[in-house]
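**Q** Next up is a structure, given as structure tokens.
The values are calculated or read from the model by the stated rules, or taken from the named source; none is laboratory data. Since we're looking at a predicted model, the values are computed, not measured. All Cβ positions, glycine included, derive from the backbone under ideal geometry; neighbour counts span all protein chains shown. Only protein heavy atoms, including side chains, enter the accessible area calculation; ligands, DNA and RNA are left aside. Shrake-Rupley method; radii C 1.70, N 1.55, O 1.52, S 1.80 Å.
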Amino acid sequence: MRIGILGTGTLAEGLGRGWVQAGHELVIGGRSRARADALAERLGGPTRAATPREAVTGRDAVLLAVLWSGVDDVLGSAGAADGTLAGVPLIDPSNAVEHGVGVLLTEHGTSAAGQIAAAAPGAHVVKAFHLHPADQWARRPVGAGEESPAPTVTICGDDATALRVVSDLIRDVGGVPAVLGPLDRARQLEEVAGFVIGLAFAGFDPASAIPHVPAGAV
């Protein structure tokens, strides 16, 4: 696939490396062209840097890998309001939460993914990759064996084709996709992220607070 990545941080690099290994062509568009050039060089393969607008044009999928505070800026640079992302699977891994607390910054009843969809008319937004630490994907070898269980990546979105595309990209970095439902369930996923972040910063293991229920037991 031809994948655009908006962002140059740890998540962009971790997922980008896995996708390059899987044979995909990447175009990196960051707010800093120097950082985009540096990331493209590190990733190697069929990877190049470009402006944000160029990075999203003619792509099979786009990853929005910036902090919540930078989402509006980078979508503006990419021309999202002009429809540059129309018809494109747009992967949203953002966490709009108060740092160290986990309280959501979006208004009650709304979601970060919903706001991104509104800012990028026509884009097929899929919430994904927001529950795992960004550096996990940089550490995880693609095709890791049973000694390193594959992480489940919960996703939601409204377009069946976009969900399939994102599911394939999740498998390419060693994850297992789990579709929760349509995009209106993104708020639920984002609340889970706030729960995990809040517990982690309070010194608790979030996994220990979730009962283990075997698949098919409910």
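**Q** May I ask which residue of A96, A78, G194 lies farthest towards the positive end of the charge dipole of the chain, with charges of +1 (Lys, Arg) and -1 (Asp, Glu) on Cβ and the Cα centre as origin?
**A** Result: A78, furthest along the dipole toward the positive end.
**Q** While we're on this one: Rounded, prolate or oblate: which fits segment 60-209, taking a ≥ b ≥ c as square roots of the Cα gyration tensor eigenvalues, rounded meaning a/c under 1.5, else prolate when a/b beats b/c?
**A** Oblate, since a/c reaches 1.5 and b/c is not below a/b.
**Q** Next up: When ligands, DNA and RNA are left out and all protein chains stay put, how many square angstrom of accessible area per residue does segment 39-175 have with a 1.4 Å probe?
**A** Accessible area per residue: 44 Å².
**Q** Also: Calculate, in nm to one decimal, what A86 and D158 gain on full extension: separation in residues at 0.36 nm each, minus their alpha carbon distance.
**A** Roughly 24.5 nm would be gained on extension.
**Q** In the chain, if the dipole is taken from +1 on Lys/Arg beta carbons and -1 on Asp/Glu beta carbons about the Cα centre, which of V166, P46, T110 is farthest to the positive end?
**A** P46
**Q** What's the carbon and sulfur percent of the chain's accessible surface, probe 1.4 angstrom, rounded to a whole number?
**A** 54
**Q** Here's a follow-up. On a full-extension model of 0.36 nm per residue, what is the gain between R33 and V101, subtracting their alpha-carbon distance, rounded to one decimal in nm?
**A** Fully extending the segment from R33 to V101 adds 21.2 nm.
**Q** Compute the angle between helix 160-172 and the longest alpha-carbon principal axis of the chain, please, reported from 0 to 90 degrees and rounded to the nearest 10.
**A** That works out to roughly 80 degrees.
**Q** Antiparallel as a % of all DSSP beta bridges within the chain, to the nearest 5?
**A** Bridges in the chain are about 10 percent antiparallel.
**Q** Further question: Mind checking the dipole of segment 1-69: about its Cα centre, +1 per Lys or Arg Cβ, -1 per Asp or Glu Cβ, Debye to the nearest 20?
**A** Charge dipole of segment 1-69: 140 debye, to the nearest 20.
**Q** Mind putting a number on the dipole of segment 1-117 about its Cα centre? Charges go on the C-beta only, +1 for Lys and Arg and -1 for Asp and Glu, and I need it in Debye to the nearest 20.
**A** Roughly 360 debye, rounded to the nearest 20.
**Q** Explain nothing, just the number: relative contact order of the chain, from Cα pairs under 8 Å at least 6 residues apart, as a whole percent.
**A** 19
**Q** Is segment 16-145 best put as rounded, prolate or oblate by its Cα gyration tensor, with a ≥ b ≥ c the root eigenvalues, rounded for a/c under 1.5, and otherwise prolate when a/b is larger than b/c, oblate when not?
**A** Since a/c reaches 1.5 but b/c is at least a/b, the shape of segment 16-145 is classed as oblate.
**Q** What is the magnitude of the charge dipole of the chain about its Cα centre, with +1 placed on the Cβ of each Lys and Arg, -1 on the Cβ of each Asp and Glu, and no other charges, expressed in debye to the nearest 20?
**A** For this selection, approximately 400 debye.
**Q** Taking the Cα-to-Cβ direction at D184 and at D72 and moving 7 Å from each Cα, how far apart do the two end points lie in nm?
**A** Result: 2.6 nm between the two label points.
**Q** Of the candidates P206, P177, P121, which one comes out as most mobile in a Gaussian network treatment of the chain with C-alpha springs shorter than 10 Å?
**A** In this elastic network of the chain, the residue with the biggest mean-square fluctuation among P206, P177, P121 is P206.
**Q** How would you classify segment 86-131 from its alpha-carbon gyration tensor, with a ≥ b ≥ c the square roots of the eigenvalues: rounded for a/c under 1.5, else prolate if a/b is greater than b/c, otherwise oblate?
**A** Verdict is oblate for segment 86-131.
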